[in-house]
Amino acid sequence: MSSKRIRRIRSLSVDVVERLTKNNLITCKDVLSRSDLELLKLLGFGIFTIHNLRQQCSLACVPVCTTGFELLTKRKQGNGQFFQTSLHGLDHVLHGGIPMGTVTEIAGPSGCGKTQFCTMLSVLATLPGNRGGLEGKVLYMDTESAFSAERLVEIAQHKFPDLYNSEEDLCRMAENVLVDNHQTCASLIKKLESLEEEVISHSIRLVIVDSIASLVRKEFSSSAGSNLVQRTNFLSRQAALLKYIAEVFCIPVIVTNQITTRFGRQATEQDEEETTEISDGYVTVALGNTWSHNVNTRLILQYLDGEKRQVLVAKSPVAPFTAFNYTIQKDGIVQEEEGARLYAGTDPGVQQINVRTSLPFYNT
């Protein structure tokens, strides 16, 4: 990846790294996007040193060929291969939980529990390893201003009363959740490009983007052809950066996504406005079919009758199409005892989602 930090290239001398930093050449891209003449003027090195610098930066950007055994060993050397969600049935079908080193998407309609799920995972990630946690900090990138510190504390208190029974313990847990608000696509992509350094400096063990669709759908119109190309490029850039962080540091990356209404049987790149009352349309995950291929695991949340909701494993390299019922309680997402059931899945880009079309009316 061209966004790799120069400081992480161990073959470069301290003097070279310091001169590059002084001239604001921070990433491999900064070096490789300049000509030899520009680098000679900026750094004051000889041409052979410049050529060697270019070669080292180029090699650092090229993915190294590896074996399945090496990947398995690397994951086992970290905090395990999976991040437990505390939903035992879901963890079971996913062979242990959310896979480390991958991008997992949680999609669904508004109010179904996406942010609640992410908040609960934030608490779980701060736990010690013997309690199923990741023993690290969480970077929570909030694009909808939906994060609630009060809800974070409430989940921790009710889910782990033995660990968080004092204000000091709760404050220590909350300090391990770093919340970053972003209101523009430019701000978010800039953050993602510098994410590598933050993961190292703050010992980040979980990255959450809530939501991946919010800013894109506000800034890019899906009806204009040129905007559609820009949006696709932006989403591809986001996905590449998030996958790079997940794979290099072997940590889970969680993103949330919204819903859209499609018309006809085939999924397209174009998102229509959310209109759930049109009989010949169906509700599915937003951002199109191409984006669905950028995530490794897709969990879809949808409404059932009453207070119950359902999580669908719509895409996974290890799990079948499985459904679980859950409710939202004071201690977060709670799976019902009914257990799992298989369902007839389809292409994750066109999986239909149950939504609430109206609120119940009560006579007084």
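The values are calculated or read from the model by the stated rules, or taken from the named source; none is laboratory data. Here the structure is a predicted model, which means the values were calculated and not measured. All Cβ positions, glycine included, derive from the backbone under ideal geometry; neighbour counts span all protein chains shown. Quick note on the areas: whole protein, heavy atoms, side chains included, nothing else; ligands and nucleic acids left out. Shrake-Rupley method; radii C 1.70, N 1.55, O 1.52, S 1.80 Å.
Remarks
- Our estimate of slack between Asp305 and Leu342, defined as 0.36 nm per intervening residue step minus the Cα-Cα distance, is 11.4 nm.
- Near Val179, the amide H atoms lying under 5 Å from its own belong to Tyr140; only residues 5 or more places off or on other chains count, and H is placed 1.01 Å from N.
- Burial ranking of peptide ranges 287-297, 100-110 (average Cβ count within 10 Å, highest at the top): 100-110, 287-297
- Accessible area of the chain belonging to carbon and sulfur atoms, whole % at 1.4 Å probe: 51 percent
- Those lysines that a straight Cα-Cα span of less than 24 Å connects to Lys308, excepting residues fewer than 8 apart in one chain: Lys114, Lys159, Lys330
- Label-point gap, in nm, between Asn130 and Val62 - each point 7 angstrom along Cα→Cβ: 4.7 nm
- Packing, taken as the mean count of other beta carbons within 10 Å per residue, orders the peptides 61-71, 157-167 from highest to lowest as 157-167, 61-71.
- Per residue solvent-accessible surface (Å²) - the chain, probe of 1.4 Å: 49 Å²
- Share antiparallel - DSSP beta bridges, the chain, percent rounded to 5: 50 percent
- Subtracting the Cα-Cα distance of Leu37 and Leu72 from their residue separation scaled by 0.36 nm leaves 8.2 nm.
- Value of Rg/Rh across the chain [Cα atoms, Kirkwood radius]: 1.01
- Applying a 4.7 Å Cβ-Cβ cutoff to the chain, the cysteines left without a disulfide-compatible partner are Cys61, Cys65, Cys112, Cys118, Cys171, Cys185, Cys250.
- Candidate aspartates and glutamates - alpha carbon under 14 Å from Lys315, same-chain residues fewer than 8 apart omitted: Glu105, Asp347
- Extending 7 Å from Cα along the Cβ direction at Gln81 and again at Ser148 yields two label points whose distance is 3.7 nm.
- In range of the label at Lys191: residues from the stretch 1-40 whose backbone nitrogen is under 20 Å from the point 7 Å along Cα→Cβ: 3-5
- Candidates Asn289, His51, Gln302 compared by Cα position along the dipole of the chain: farthest toward the positive end lies His51, with charges placed on Cβ.
- Difference of contour (0.36 nm per residue) and Cα-Cα distance, Thr327 to Ser11: 108.5 nm
- Think of it as helices only: each DSSP H run of n ≥ 4 in the chain is worth -39500 (n - 2.57), and spread over all residues that comes to -11000 deg cm²/dmol at 222 nm.
- From the alpha carbon centroid of the stretch 299-325 to that of the stretch 72-150 is 16 Å.
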